[in-house]
Amino acid sequence: MGMQLAVHMVTIEELVPREHYLRRLEGVLDLSFVYEETSHLYSRRYGRPPIDPVVLVKYLLVGFLYGIPSERQIEQRVQTDVALRWYLGLDLFDRVPDHSTISQLRRRKPAFRKVFRRLFEEVVGQCIANGLASGRLVGTDSTHVKANASRASEEQVELTEEPGVYWERLDAYEEEGLAELERKTGRRRKSRTKQVKKDRRQTKKRVSRTDPEAGHMKRPGKPRGQYYLSHQTVDTDHGVILDVRVTPGDVYDSVPYLEQLEHVHRAVLPIQAAAADAAYDFPLAHRVLDDLGIRFFVRPQTAHDRTSVELKREAFRYEESLDAYVCPNDKLLKLNTLHRSASGLYRLYLADKRDCQSCPFRSQCLRPEDRRGARKLEHSYFMPQRRKNLERRTQPEYREALRLRQIWCEGSFAIQKRCHNLTRLLRRGREAAEDHCLLSAAALNLKRLIRNAD
Ligand code: SF4
């Protein structure tokens, strides 16, 4: 029997089932803001854009929603998928925008990238409006995304370390600390800030020539090579991702943390409590979160006491009421000065030289090079807040916060990697990497929004 061809009168509208996922997506996500954000890109002189900017955003978004890894493959899927055509506003026989036009447009109009952050923010706003995120407890973590950069092209480059974002914040705390020092000791000391700024260290980095903005990641239990890191803060009610920042793969998790959390707290949703793993247990975080009124649940980092002497820090008892340490010989180490380094601020405690000179523990307590001097100890200027937070670490509430962080952060990363393209990047440069991570996060948030909007 020969194949029979029949002519049917149907419209694309009839072909897409009423309950189809993309119909629901169209119902929850209003993309009219895209015209607002892109109007300046299309001046009258150059005429209409080659592709409607909303179509462009939808094109890329479905790629992330369905885990289609490349623009070429999106084009192929749209050719044959009626529902995708419907979502993009194409009729059955309309020409599908081809992937090279899309790529060209993204390359030629870098200002287009603002649209991706705005898209992400719109979706977050919708999730909050629908009661899917409350800020009661947020969790933060990072995951690695493979850069499009070859390890073969790596070279050693000498770079000057930039002062951290919290440099100025540290300056303010140093001023506060110096005033307190003067009150307690009667001694006035000048700020070391300028000196520290001059001391900026040179570091060697492995940079890839194919994508010099990525970073060589070297973390225990993780693959080695050129990566970016996607840093995400997630609400633990339903796993809505509240913010995404991207850094090179060799940046510590603590670096973008406070800026991200402060941004969420002030501009997205007031945070009541924050949870994080041990990589985020750095002294300044305890103080800044305390100042913001955010309760902090962090897995404690184990301290490594590198002093070579027998009597380590544990042998000394800190006496809060005196703001001094009591040594094994029952003598006091008093607050002596404030010490500033590139990344931290410390209180220095010093024993009385005369006590140490006549002490039976001298040889166990003093290093050979300071046998003629006195024992000193230092701790972070922000130790009081850290101590207060970590005192709660055995409470059920504390453990529960850490558990929720793990479930929602690691769960989100796993789904994004499996279903929403968060494993590797096709484009180069940090900004393109951030667009990619934002779209992946927006896709997951949309999925959660659509599921809960039922
Ligand atoms: S050497 Fe000084 S600080 Fe160490 S135990 Fe003796 S008195 Fe205390």
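The values are calculated or read from the model by the stated rules, or taken from the named source; none is laboratory data. Note that the structure is predicted; figures quoted are calculated from it, not measured. Ideal geometry is used to build each Cβ from the backbone, glycine not excepted, and the neighbour counts take in all protein chains shown. Surface accessibility is based on the protein's heavy atoms, side chains included, excluding ligands, DNA and RNA. Shrake-Rupley method; radii C 1.70, N 1.55, O 1.52, S 1.80 Å.
Could you give the accessible area per residue of segment 166-310, probe 1.4 Å, as a whole number in Å²?
On the way: 7240 Å² over 145 residues.
Dividing the accessible area of segment 166-310 by its residue count gives 50 Å².
Each residue of segment 414-424 was assigned a 3J(HN,Hα) from its phi angle through the Karplus expression (A = 6.51, B = -1.76, C = 1.60, θ = phi - 60°), giving 4, 5, 4, 6, 6, 10, 10, 6, 8, 9, 9 Hz with x at Gly and Pro. Would you please name the GluC sites (Glu not before Pro) within segment 299-363 that are DSSP coil residues with at most 10 other C-beta atoms within 10 Å of their C-beta? Passing sites in segment 299-363 are GLU310.
Distance between the pseudo-spin-label points of ASN452 and ASP305 (7 Å out from Cα toward the beta carbon): 4.7 nm. Looking at segment 12-108, the accessible area is 56 square angstrom per residue; that uses a 1.4 Å probe and ignores ligands, DNA and RNA. Modelled this way, with points 7 Å down the Cα-to-C-beta line, the labels at MET9 and ASP81 are 3.1 nm from one another.
Helix 254-263 axis versus longest C-alpha principal axis of the chain: approximately 70°, rounded to the nearest ten. Taking amide H atoms as placed 1.01 Å from N in the peptide plane, the amide H of LEU90 has no partner under 5 Å among residues 5 or more positions away or on other chains.
When the surface is traced with a 1.4 Å probe over the full set of protein chains, ASP81 keeps roughly 50 Å² accessible.
The angle between the Cα long axis of helix 396-405 and the main principal axis of the chain comes to about 40°, on a 0 to 90 degree scale.
In order along segment 223-233, the Karplus-derived 3J(HN,Hα) couplings, from 6.51 cos²θ - 1.76 cosθ + 1.60 at θ = phi - 60°, round to x, 9, x, 7, 9, 10, 10, 9, 9, 10, 10 Hz, and Gly and Pro are given as x. Would segment 298-454 count as rounded, prolate or oblate if I go by the C-alpha gyration tensor, calling it rounded below 1.5 in a/c and otherwise prolate when a/b exceeds b/c, oblate otherwise? Cα axes put segment 298-454 in the prolate bin.
Take the solvent-accessible surface of the protein heavy atoms, probe 1.4 Å, and return the percent of it on the chain that carbon and sulfur atoms account for.
Numbers: 12080 of 24180 Å².
Looking at the chain in its full context, I get 50 percent from C and S.
Here the Karplus relation 6.51 cos²θ - 1.76 cosθ + 1.60, evaluated at θ = phi - 60°, turns the backbone of segment 113-124 into coupling constants of 5, 4, 4, 5, 5, 4, 4, 4, 5, 4, 5, 4 Hz, with x for every Gly and Pro.
Given +1 at the Cβ of Lys and Arg, -1 at the Cβ of Asp and Glu and no other charges, the dipole of the chain around its Cα centre is 1860 debye to the nearest 20. Over segment 12-108, the fraction of Cα-Cα pairs per 10 Å bin, rounded to whole percents and listed from the shortest bin up, is 14, 47, 32, 7, 0.
Taking Cα atoms only, the orientation of helix 71-80 departs from the longest principal axis of the chain by about 30 degrees. Please work out how much accessible surface THR210 shows to a 1.4 Å probe, ignoring ligands, DNA and RNA, in Å² rounded to 10. So the heavy atoms of THR210 present about 50 Å² to solvent.
Only helical runs count toward this figure. For the chain, summing -39,500 (n - 2.57) over DSSP H runs of n ≥ 4 and dividing by all residues gives -11500 deg cm²/dmol at 222 nm. Under 5 Å between amide hydrogens, built in the peptide plane, is the criterion, and for THR337 it picks out LEU348 among residues at least 5 positions away or on other chains.
Taking only the alpha-carbon positions of the chain and ignoring solvent, what does the Debye formula give for the base-10 log of I(q)/I(0) at q = 0.06, 0.07, 0.08, 0.12 Å⁻¹? With no solvent term, the Cα-only Debye profile gives -0.37, -0.49, -0.61, -1.11.
Dipole magnitude for segment 12-108: about 440 debye, using +1 per Lys or Arg Cβ and -1 per Asp or Glu Cβ, origin at the Cα centre.
In this structure SER134 has an accessible area near 30 Å², from a 1.4 Å probe over the protein heavy atoms.
Going by accessible surface with a 1.4 Å probe and the largest first, HIS231, HIS436, HIS40 read HIS40, HIS436, HIS231.
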